[in-house]
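Data block below; observations after.
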Amino acid sequence: MRAKKPFLAKSLLAVGCASLMGLAIMPMLHADEWNKRTIVTVDQPIIAGNKVLEPGTYVWKLMDSPSNRNVVRIYNQDGSKLETTVLAIPNYKLKANGKTQFEFWETPAGVPKAVRAWFYPGDNFGQEFAYPKKLVAQLASARPAPIPAHYNPPVSENNPEPAPAPAAVPAPEPAAQPQPAPEVAQNIHPELSISAQAEPAPAAEPATLPKTASYGPLIGLMGVFSIGLAGVLTLGTKKS
């Protein structure tokens, strides 16, 4: 009887350790699919929400909130600084894609492209960003205005003599006028290079994950492993 007590204690300890390992692994398996964590690299400025993101690498993911799945947070490369938070709206498409996909709004010439939609690999639903009208207007108005040809500065009252006319310069091209936002989203433009790496990257053309999936198979596997471990310990005890 005394020999069985140490064996029983070891068996219970092994089963408890196996169960804790299973519970610790299960949340990790679905972490990236839950927050849609994606590493995005751009080679030129883009507009995300109401902020201009300079060329570089950023981490995009959804806010960890079960009640609102349309809040996008963008961090710097190592995730130590929050660059911006965007309150998006749902965007749906008929066919899912196996890669991360971005769509852009058209903006005036000289103004960075504005992100319209972001789709995580395998999802036919994504996050749509509103058109940043105020930011686009500010960026467009901040562009330097061209100087007309044969421009003569006004004569000062203290010095009525006119200043000599400057040498003629070629007439610059007229400034492009800001265009209104289009009704249809545009795909990535050829002049804009953007790469994204979702973690993990699912296989091409995956189906939408079911919302009612459970951890029953994994828990059952842990139970079988625990029973096998208990049998090994039993044999070891009998031999000793």
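Read-outs throughout are calculated quantities, based only on the coordinates presented, and are distinct from any laboratory measurement. Only a predicted model underlies this, so the values are computations on that prediction, with no experimental measurement involved. All Cβ positions, glycine included, derive from the backbone under ideal geometry; neighbour counts span all protein chains shown.
Tell me, what HN-Hα J-couplings in whole Hz come from the Karplus equation 6.51 cos²θ - 1.76 cosθ + 1.60 at θ = phi - 60° for each residue of region 111-122, using x for Gly and Pro?
Along region 111-122, the couplings run 9, x, 5, 10, 5, 9, 9, 10, 10, 7, x, x Hz.
If R₀ is 30 angstrom, what is the calculated FRET efficiency for the pair residue 63 and residue 43, using the beta carbon separation as r and rounding to 0.05?
After rounding, the FRET efficiency stands at 0.65.
What spacing in nm lies between the two simple spin-label points modelled at residue 75 and residue 130, each 7 Å away from Cα in the Cβ direction?
Rounded to a tenth, the inter-label distance reads 2.7 nm.
I'd like the projected area of region 32-76, averaged over all directions, using the convex hull of its alpha carbons. Report it in nm² with one decimal.
Numbers: hull surface 12.9 nm².
Result: a mean projected hull area of 3.2 nm².
So if each residue of separation counts as 0.36 nm, and I subtract the Cα-Cα distance between residue 94 and residue 227, what length gain in nm does that give? All intermediate terms of the calculation are to be shown ahead of the outcome.
Values: separation 133, 0.36 × 133 = 47.88 nm, distance 4.65 nm.
Result for the pair: 43.2 nm of gain on full extension.
How far apart, in nanometres, would the label points at residue 34 and residue 87 be if each is projected 7 angstrom from Cα along the Cα-to-Cβ direction?
For residue 34 paired with residue 87, the spin-label model returns 2.5 nm.
Would you please give the residues with an amide H less than 5 Å from that of residue 198, counting only those at least 5 places away or on a separate chain, with H modeled from the backbone geometry?
Close amide H contacts, sequence-distant or interchain: 39, 100.
Could you list which residues have their amide H under 5 Å from that of residue 122, counting only those 5 or more apart in sequence or on another chain, with H placed in the peptide plane?
97, 98, 99
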